[in-house]
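> A single structure is presented below for examination.
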Amino acid sequence: NLLIAIAVFIITVLGALFAVPHFIDWNSYRSNFEEEARNVIGREVQVDGDVTLHLLPTPYFRVEKVRIADTATSLTEHFFKTESLSIKLSIAPLLRGVVEVNEIEFQRPVLRMAQDAKGAWNWQDFAKALSSTGYVPANVTLASLRVVDGVLALHAADGIERSRLDGVNGELSTPAVDGPYRFRGSFTSGGAKREVRIATASPEADGKVPLRLSLHLLD
């Protein structure tokens, strides 16, 4: 009888985990997601699309039409935007207190990097805010971060776009938040498609990050 009771309890819990997320309107929590993200990165975050959450069989979170404002330069456009952001987690490592991300995918992201009048980049204060927050777990493993049809634009201090890489597709992975990182992908520039590979070591004591980079035309 005890085993039957335990089995019924487990089945009930699993059934609830499967069913409950489907009955919750996660879009009504959009403002909460925006506020928490703003507290973490110190910038205005806007979510204009749908929010989806599933717990089983794999924890899965997806938000659409995400926008992050730029605060450090004269950019009139968003620092970052993406049509969708999807995150999949592994269940077993969570029981050990380890956040293992199976997959993060950005669909049609646009990242605009710009300098201010003093030569500082607009991503630097973003990185400092993210590294100093208590929201990011120490034990994080990223198996795959995929970029699909992305854009990387470089802007000068006057806000004018100086250079642009289109059609960025690739995959990044890392065993820890501080690296080392590996990226392999491709992009289009000047009408020619190129393949790029980047491998970094962990940061040194003075903050420098050794890296190896290779770039070549696909033809």
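> Using the Cβ atoms and a cut-off under 10 Å, what net charge is assigned to the surroundings of Ala37, where Lys and Arg are +1 and Asp and Glu are -1?
Result for the neighbourhood of Ala37: -2.
> Another question, if that's okay. On a full-extension model of 0.36 nm per residue, what is the gain between Leu53 and Trp121, subtracting their alpha-carbon distance, rounded to one decimal in nm?
Difference between extended and current length: 21.1 nm.
> Report the far tail of the P(r) of segment 25-68, meaning the percent of Cα-Cα pairs longer than 11 Å.
Taking all Cα-Cα pairs of segment 25-68, the fraction more than 11 Å apart is 65 percent.
> Could you go through segment 180-190 in sequence order and give the Karplus-derived ³J(HN,Hα) for each residue, using 6.51 cos²θ - 1.76 cosθ + 1.60 with θ = phi - 60°, rounded to whole Hz, and x for Gly and Pro?
x, 10, 10, 9, 9, x, 8, 7, 10, 8, x
> Using the Karplus curve 6.51 cos²θ - 1.76 cosθ + 1.60 with θ = phi - 60°, work out ³J(HN,Hα) for each residue of segment 60-65 in order, rounded to whole Hz, and write x for Gly and Pro.
The phi angles translate into 9, 10, 9, 10, 10, 6 Hz.
> Taking H as built 1.01 Å from N, whose amide H comes closer than 5 Å to the amide H of Glu44, not counting residues under 5 places away?
HN-HN under 5 Å from Glu44: Ala69.
> Okay, moving on. Taking H placed 1.01 Å from N in the peptide plane, check which residues at least 5 places from Val51 or on another chain put their amide H under 5 Å from its amide H.
Residues meeting the amide H criterion: Asn27.
> Around Glu171, with a cut-off of 15 angstrom between Cβ atoms, what is the net charge of the other residues, counting Lys and Arg +1 and Asp and Glu -1?
Summing Lys/Arg as +1 and Asp/Glu as -1 gives +1.
> Place a label point 7 angstrom from the Cα of Glu35 along the Cα-to-Cβ direction, then list the residues of segment 42-80 whose backbone nitrogen is under 16 Å away.
Counting only backbone N, you get 42-47.
> Additional query: So, counting K/R as plus one and D/E as minus one, what does the shell of residues with Cβ under 13 Å around Val51 add up to?
Surrounding charge for Val51 is -3.
> Largest first, what is the accessible-area ranking of Glu44, Glu161 with a 1.4 Å probe?
Correct descending sequence by accessible area is Glu44, Glu161.
The values are calculated or read from the model by the stated rules, or taken from the named source; none is laboratory data. Quick caveat: nothing in here was measured; it's all calculated off a predicted structure. Don't worry about glycine lacking a Cβ; one is built from the backbone with ideal geometry, like all the others, and counts go over all protein chains shown. Calculation scope for accessible area: heavy atoms of the full protein, side chains included, ligands and nucleic acids excluded. Shrake-Rupley method; radii C 1.70, N 1.55, O 1.52, S 1.80 Å.
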